[in-house]
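Written out below as structure tokens is the structure these notes cover.
The values are calculated or read from the model by the stated rules, or taken from the named source; none is laboratory data. Computed from a predicted model, the values in this text were never measured in an experiment. Heads up, the Cβs are rebuilt from the backbone with ideal geometry, glycines too, and the neighbour counts pull from every protein chain shown. What goes into the accessible areas is simple: the full protein's heavy atoms, side chains included, and nothing from ligands, DNA or RNA. Shrake-Rupley method; radii C 1.70, N 1.55, O 1.52, S 1.80 Å.
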Amino acid sequence: MILVTGGLGYIGSHTIVELLNNGYDVVVLDNLSNTSIDVKDKIKKITGKDFKVYIGDILDKELENKIFKENKIDAVIHFAGLKAVGESSVIPLEYYKNNVEGTLHLLEVMKANNCKSLVFSSSATVYGAQDIQPLKESAPLQDPTNPYGRTKRMIEDILKDLYKSDNSWNIILLRYFNPIGAHQSGLIGEKPNGIPNNLMPYITQTAIGVRDHLNVFGNDYKTHDGTGVRDYIHVVDLARGHVLALNKINKDKKESKGNLDIYNLGTGVGYSVLDIVNTFKKVNNIDVPYVIAPRRAGDIDCCYADPTKAYKELGFKCEKNLSDMCKDSWNFQKNLNEN
Ligand code: NAD
Ligand code: UD1
């Protein structure tokens, strides 16, 4: 049985679909701070399988202990946390409490219940600004420049120290690049609260008419068309990466090996903001009005992954392309507005 914290969120919900489809049983802990309980029924509809959800907080050790007592948890996939970069500079204490303290509580309960297998949601943000692209896991980390990013960096350090102190743990840190897209069914996807910060939800809301136009933040970057380049990855490919990570942990455990591994989950290809806008318009046959706006503070020219290590050691390979990402994001947005 796999405990999935934050399992009803954007990446968690897609991961649960892949886990259930691959024969894993799951139990979820989510405080519903950034999702709703109806995601459970949508997952059930997609997979035809049911699972238990505990509504509560990773800061609540009593509840976490109860989950361990009531279920035989073999491993944890830890998604729960706050993730809005801008907001993290406004309410940093909430970010450190939720993300760092929440993770500490979870680790204490895992240790007390002798569960030492963990997959953690880290982020490409831990690399900070780097001169050399694509990014390898071995790149020396730079300051992530915002409290959200620092929580990820701190949790990575905590997990590295934990493994050093007891190398019977099996820990995998997955550094996600830019997840977009949605499940092909259109039932689950990313539902941002308020005005979206990230590019794809802003594009879909502009296309549907909720937003007047997209602001393209800067066209004077050192990239092929001057707009920022990122490594966009389909959320279903990203979700599959978690199943592969768990498979690796299970293999290591069978051989009585502990490990701490770090993997980039990206496609290895960088696309610019205008590549995304133009592909979205073309594959969905819909207009996305945009204006060129000033650069956004804190943004970098270019960031994309070297996914070789995940391919070699996990067998991770992206199956979906940019057209799929744009089509599936649009399909989910249209479904949201119809329901
Ligand atoms: P999300 O907000 O959709 O999902 C997080 C889930 O955790 C939500 O369902 C929320 O209700 C729950 N949650 C938050 N705080 C909690 C707490 N204290 N206790 C219990 N549940 C709590 O976010 P997501 O996009 O699915 O991201 C999942 C993880 O991946 C996060 O840790 C995020 O930082 C990380 N990540 C996301 C991205 C991205 O672009 N989406 C990129 C890199 C890393
Ligand atoms: C941001 C976060 C990162 C987080 C990631 C996924 C920062 C500095 N980094 O990455 O920590 O892991 O989201 O949640 O915020 N853009 C526009 N117009 C918009 C929105 C975005 O032009 O309205 C551009 C940006 O300038 C950037 C690209 O689109 O070039 C992608 O932006 P975004 O989706 O916000 O992701 P990142 O900034 O890469």
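Tabulated data for the structure shown
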quantity: Condition broken by Lys49, with the remaining ones in (1) under 22 Å from Leu238 (Cβ atoms); (2) within 15 Å of ligand 1 (Cβ to nearest atom) satisfied; calculated: (2)
quantity: Per-region count, region 246-284, residues over 30 Å from Met1 (Cβ atoms), more than 16 Å from ligand 2 (Cβ to nearest atom) and part of a strand (DSSP E or B); calculated: 0
quantity: Residue list for region 177-198, restricted to those being among the hydrophobic types (A, V, I, L, M, F, W, C) and modelled with pLDDT under 95; calculated: Ile195
quantity: Residue match in region 101-122 (condition: surrounded by fewer than 21 Cβ atoms within 10 Å (Cβ to Cβ) and without any contact (Cβ under 8 Å) to a residue 12 or more places away in the chain); calculated: yes
quantity: Region 68-88, residues that are farther than 21 Å from Gly23 by Cβ and more than 20 Å from the chain's Cα centre (by Cα); calculated: Phe68, Lys69, Glu70
quantity: Failed condition for Pro144, given (1) surrounded by 14 or more Cβ atoms within 10 Å (Cβ to Cβ); (2) touching a residue at least 24 places away in the same chain (Cβ under 8 Å); (3) in contact with a Gly (Cβ under 8 Å, 6 or more places away or on another chain); (4) not in a helix (DSSP H, G or I); calculated: (2)
quantity: Residue in region 173-192 that is over 21 Å from Asn259 (Cα atoms), assigned to a helix (DSSP H, G or I), within 16 Å of ligand 2 (Cβ to nearest atom) and open to solvent by 30 Å² or more (accessible area, probe 1.4 Å) present; calculated: no
quantity: Condition broken by Asp25, with the remaining ones in (1) out of contact with any Asp or Glu (no Cβ under 8 Å at 6 or more places or on another chain); (2) within 26 Å of Ile233 (Cβ to Cβ); (3) away from ligand 1 (no atom under 11 Å from the Cβ) satisfied; calculated: (2)
quantity: Residue match in region 145-163 (condition: touching a helix residue (DSSP H, G or I) at 6+ places or on another chain (Cβ under 9 Å), more than 16 Å from ligand 1 (Cβ to nearest atom), at pLDDT 95 or above and not β-branched (Val, Ile, Thr)); calculated: yes
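Every residue, every condition in (1) open to solvent by less than 80 Å² (accessible area, probe 1.4 Å); (2) among the hydrophobic types (A, V, I, L, M, F, W, C), yes or no:
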site: Tyr263; (1), (2): yes, no
site: Lys282; (1), (2): no, no
site: Val291; (1), (2): yes, yes
site: Pro294; (1), (2): no, no
site: Lys327; (1), (2): no, no
